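The values are calculated or read from the model by the stated rules, or taken from the named source; none is laboratory data. Quick caveat: nothing in here was measured; it's all calculated off a predicted structure. Cβ: placed from backbone, ideal geometry, glycine included. Neighbour counts: every protein chain shown. Keep in mind that these areas ignore ligands, DNA and RNA; they rest on the heavy atoms of the full protein, side chains included. Shrake-Rupley method; radii C 1.70, N 1.55, O 1.52, S 1.80 Å.
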Amino acid sequence: MSFLDLDRLTNEDELIRRNIHRLAEEILRPLSIKVDRMEPRNRIALGSPLYDAIKEMKRMELHKIHLPKERGGLELTNLQRYIIDEELGWASLGFATLIGVDAIPFTIAALFGSERVRDELVKPWLEDTEGKYIGCWGVTEPEHGSDYILAFRDKDVGSFGRGNVVIEHDGDEWVINGQKSAWVSAAPICTHMGLHAQLKDGKSLRDGAFVIMPLNLRGVRKGEPVDMLGNRDCPQGPVYFDNVHVPDDYVIVQPPFYEVFSDQLLNLTSVNMGAYSVGLARAAFEEALRYAKTRVQGGKSLIEHKNIKLRMYEMFERVETARYYVRRAMDYVYTKFFIEQSFATPPRYARAAQIYAKKIAFEVAHDALQVFGAYGLSREFIIEKLFRDARALLIEDGTVETLSLDAADDIIQNYGL
């Protein structure tokens, strides 16, 4: 297998790559196919192979990769983080998304939470190898999806309407009411949510708070998992809050820092989604190449037909260019945030990494399925799942249109001429 040939991987880099790819190929991908073909309720039921995948990722400490070592994370380089993300995307977009959102509430708590919060929530999550603690990211709502992304630069934010989930101070606690949408990744199985909520007296979505929300509190209710076209191996479902009380220090971020924080958090999620997308694109390319070498049609293998040769080259070109840009963008974002501790990283580079890689993943999966012909429409080959997952990517973590508008606002307002 050829991987990152243009980079000079150290022995440690190569060892990480091989170990994660072994996990991806031998364990995660087979489990993801099983979960993908199950009914929504069965995917989250006790005994589901979904939990086997979570345990394997936790045992490999993949939930820790975004934290610096001094906060309980692993001593990884930015390239090593990228390598892990791409391999996870190659294995399963759903599992990659799941372990990604799992890290959000606990990583934020580790970085910005009180000592009590770190002891009560972060420490057991860091030590967990059985999937007892699972995080998710509660952003989208019935009336607010990708417009949350535009809220921090769009001049018309006041016309977006109020948030569905509202939070207000009550003595030494906070009270939360409202609903998060059916599209919250990992919500049906998670134990804690990184929750975005609008302040009751806030004027717009910009006036919000980020809360570490234990989902076993009185007043929290989860809805049924939804049946999705793609990304089925990361269950999604709604969460309802009815007069839920949380301690004061569980509200990690408030105005005026909330606006800056949300923007920088999306930088981090964007480059990770970009890496997952490259992994999915690579998986589709490799499946098509393998199939084209073995499938005989028109008296010779597919790969001997010139139109297939050209298609394979074009897929390779897309995967490599996406990989290069996303890797550079991830290095830039992680260096700015974790090493320079900057909260002023312009979002256009991270957004572009996610947008470009998502588009590439769908284009490559589309072309790869075309190479398979009618077989690509059947469940006999994984390309059918990869195509569905690639289509889901164009919406997941923000639609490509909204992400593009957000990047455009940053370029127009802040690009130096």
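To the nearest 10 degrees, how steeply does helix 93-112 sit against the main Cα axis of the chain, on a 0 to 90 scale?
30 degrees
Quick one, what does Rg over Rh come out to for the chain if you take C-alpha atoms and the Kirkwood Rh?
Numbers: Rg = 21.1 Å, Rh = 21.8 Å.
That ratio equals 0.97.
Calculate, for E25 and D227, the FRET efficiency according to 1/(1 + (r/R0)^6) with r their C-beta to C-beta distance and R0 25 Å; round to the nearest 0.05.
0.35
Could you give P(r) for segment 135-253, binned at 10 Å from zero, as whole percent values over all Cα-Cα pairs?
Whole-percent P(r) values from 0 Å outward: 14, 46, 31, 8, 0.
Of P214, V184, V165, which is farthest on the positive side of the dipole of segment 149-226, counting Cα position, with +1 on Lys and Arg Cβ, -1 on Asp and Glu Cβ, and the Cα centre as origin?
Of the listed residues, the answer is V184.
May I ask for the angle, rounded to the nearest 10°, between helix 400-414 and the longest principal axis of the chain, with both axes built from Cα atoms and the value confined to 0 to 90°?
With both axes taken from Cα atoms, the answer is about 70 degrees.
Taking Cα atoms of segment 337-417, Rg/Rh with Kirkwood Rh, to two decimals?
Here Rg/Rh amounts to 1.17.
So which trypsin sites (Lys or Arg not before Pro) in segment 203-277 pass both tests, a DSSP loop state and at most 16 other Cβ atoms within 10 Å of the Cβ?
Details: sites: K203, R206, R218, R221, K222, R232; in loops: K203, R206, R218, R232.
Passing sites in segment 203-277 are K203, R218.
Using a 1.4 Å probe, what is the accessible area per residue for segment 30-113, in Å²?
Details: 2780 Å² over 84 residues.
Value for segment 30-113: 33 Å² per residue.
How about segment 113-155: which GluC sites (Glu not before Pro) there lie in a loop by DSSP and see at most 16 other Cβ atoms within 10 Å?
E130, E143
Say we join alpha carbon atoms closer than 10 Å with springs in a Gaussian network model of the chain; which of L268, L195, L111 then has the biggest fluctuation?
Most flexible of the set in this elastic network: L111.
Would you calculate the convex hull of the Cα atoms in segment 96-139 and tell me its volume per residue in Å³?
Details: hull volume 3.2 nm³, N = 44.
Here the figure is 72 Å³ per residue.
Positive end of the dipole of segment 278-400, charges at C-beta (+1 Lys, Arg; -1 Asp, Glu), about the Cα centre: which of Y325, I308, A283 has its Cα farthest in that direction?
I308
Too long at a 24 Å Cα-Cα cut-off: which of K64/K336; K123/K336; K180/K359; K34/K306; K132/K200?
K123/K336; K180/K359; K34/K306; K132/K200
For the chain, build the charge dipole from Cβ charges (+1 Lys, Arg; -1 Asp, Glu) around the Cα centre, then report which of L15, A344, Y240 sits farthest towards its positive end.
Among L15, A344, Y240, the one farthest towards the positive end of the dipole of the chain is L15.
Once you put a point 7 Å from the Cα of D242 and another 7 Å from the Cα of D172, both along the Cβ direction, what distance in nm separates them?
About 2.8 nm, to one decimal.
Using only the alpha-carbon atoms, how far is helix 306-334 inclined from the longest principal axis of the chain? Give it as 0 to 90 degrees, nearest 10.
Tilt relative to the chain: about 30 degrees.
Given an 8 Å cut-off on Cα distances and at least 6 residues of separation, report the relative contact order of the chain as a percent.
Taking the mean separation of contacting Cα pairs over the length of the chain, I get 16 percent.
Using only the Cα atoms of segment 257-414, each taken as one equal point scatterer with no solvent, compute I(q) by the Debye sum, divide by I(0), and report log10 of the ratio at q = 0.09, 0.14, 0.18, 0.21 Å⁻¹.
With no solvent term, the Cα-only Debye profile gives -0.35, -0.70, -0.98, -1.20.
Suppose R0 equals 45 Å. What FRET efficiency, 1/(1 + (r/R0)^6) with r the Cβ-Cβ distance, do A408 and R116 give to the nearest 0.05?
On the way: r = 42 Å, r/R0 = 0.93.
For R0 = 45 Å, the calculated efficiency reads 0.60.
I'd like the per residue volume of the convex hull spanned by the Cα atoms of segment 3-51, given in cubic angstrom.
87 Å³
Go through segment 296-402 and name the GluC sites (Glu not before Pro) that are in a DSSP coil and have 11 or fewer other Cβ atoms within 10 Å of their Cβ.
Those that pass, being in a loop and sparsely packed, are E340, E380.
To the nearest 20 debye, what is the magnitude of the charge dipole of the chain about its Cα centre, counting +1 on the Cβ of each Lys and Arg and -1 on the Cβ of each Asp and Glu?
Value, rounded to 20: 1320 debye.
When the helix-only estimate is applied to the chain (DSSP H runs of n ≥ 4, each -39,500 (n - 2.57), divided by the residue count), what is the mean residue ellipticity at 222 nm, nearest 500 deg cm²/dmol? Spell out each step's value before the answer.
Numbers: 13 runs with 198 residues, N = 417.
Calculated from helices alone, the mean residue ellipticity at 222 nm is -15500 deg cm²/dmol.
In segment 135-253, what % of DSSP beta bridges are antiparallel (nearest 5)? Mind showing how you got there, number by number?
Values: 26 of 32 bridges.
Taking every DSSP beta bridge with both residues in segment 135-253, the antiparallel ones total about 80 percent.
Tell me, which cysteines of the chain are without a disulfide-compatible partner by the Cβ under 4.7 Å rule?
Those would be C234, since no other cysteine Cβ in the chain comes under 4.7 Å of theirs.
Which residue, L229, L31, L62, tops the fluctuation ranking in a GNM of the chain built on C-alpha contacts under 10 Å?
L229
Explain nothing, just the number: relative contact order of segment 257-414, from Cα pairs under 8 Å at least 6 residues apart, as a whole percent.
Details: 186 pairs, mean separation 52.6, N = 158.
Contact order relative to length: 33 percent.
So if R0 is 35 Å, what FRET efficiency would E340 and E61 give, r being the distance between their Cβ atoms, rounded to the nearest 0.05? Display every interim value, and only then the final one.
Working: r = 25 Å, r/R0 = 0.72.
That gives a FRET efficiency of 0.90.
Just how much of M38 is accessible, in Å², when a 1.4 Å probe is used and the result is rounded to the nearest 10?
Taking all protein chains as shown, M38 has close to 50 Å².
Where the centre of each part is set by its Cα atoms, how far does segment 147-185 sit from segment 343-417, in angstrom?
26 Å
With only Lys, Arg, Asp and Glu charged, each at its Cβ (+1 for the first two, -1 for the last two), find how big the charge dipole of segment 87-241 is about the Cα centre; round to the nearest 20 debye.
220 debye
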